[in-house]
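Enquirer: Just passing along the structure, written as structure tokens.
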Amino acid sequence: MKSIFYSLLIVFTISSIPSFAQKKFSEGTISYDVVINTNSDKPKNADYLDGTTVVNYIKGNKSRSEMVSPLGNLVTIHDSSKNSIVILKEFGEQKYMITLTPADWKDANKKYEGISFTYDPSAEKVLQGYTCKKAIGTLQDGTTYTVWYTPDLVPENKNFQYETRSLPGLALEYEINSKDQKVTYKVSKINFSPVTASKFDLPKSGYRVMTYAETKGKN
């Protein structure tokens, strides 16, 4: 009887390993370092953005992405429960609060609509202790970019990373090609500590409030 019990215990333990290996990411902070390469020996404006960082705060259906660069800050606050998207731009003394509808948000990210990914099962590398797999994303215009993602962490809220949201895991390193420059995002830290609710509060003053249509020169 004991031998049967131990055999069943071993089978149960082995069969349970995959379910424990994968973790739902529902709250925490994901930080990235950003490197911009213009593939040119001559300095360009984009080169001065090296040292830029992006920090994503996630709490359930809310996300806040902060991009801090030498030229200014860009914050995107997304609350799915209210269908609310707000972008805060700070460049020197200029501060703008831009409100978007879900349709506006889709339009702002339309270049990433219809992405198709192909996967290389033989390619792997480790980032921040997580084994990552390689995927190649292809946009509708034929542009391609490389993503390294871990299937061990699956974000429940994927609004903070529009360009990789259809991947079966969390992107820890990815590159985006834009004209003559390549922008690479590489994870620098993953923190599972709770995020304070105040992180998603909107400023009550100090910003010029605009709609997404106004930023595009409409109406």
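Enquirer: Kindly indicate which of Ala108, Ala135, Ala123, Ala171 is free of Cβ contacts under 8 Å to residues at least 12 places away in the same chain and either over 20 Å from Ser31 (Cβ atoms) or under 13 Å from the mean Cα position of the chain (by Cα) (or both).
Expert: None of the other options fit; the residue is Ala123.
Enquirer: Limited to the stretch 102-147, what total is found for residues that are assigned to a strand (DSSP E or B) and not hydroxyl-bearing (Ser, Thr, Tyr)?
Expert: 15
Enquirer: Here are some residues: Lys125, Lys106, Lys158. Which one is basic (Lys, Arg) and surrounded by 15 or more Cβ atoms within 10 Å (Cβ to Cβ)?
Expert: The conditions single out Lys158.
Enquirer: Which condition breaks for Thr144 when tested against (1) surrounded by fewer than 16 Cβ atoms within 10 Å (Cβ to Cβ); (2) within 24 Å of Ser31 (Cβ to Cβ); (3) of a type outside the set (D, E, K, R)?
Expert: Condition not satisfied by Thr144: (2).
Enquirer: If you don't mind, another one. Are any residues in the stretch 167-204 hydroxyl-bearing (Ser, Thr, Tyr) and either buried (at least 17 other Cβ atoms within 10 Å of the Cβ) or at pLDDT below 95 (or both), and if so, which ones?
Expert: Tyr174, Ser178, Thr184, Tyr185, listed by residue number.
The values are calculated or read from the model by the stated rules, or taken from the named source; none is laboratory data. As the structure is a prediction and not an experimental result, all values here were calculated from the model. Cβ: placed from backbone, ideal geometry, glycine included. Neighbour counts: every protein chain shown.
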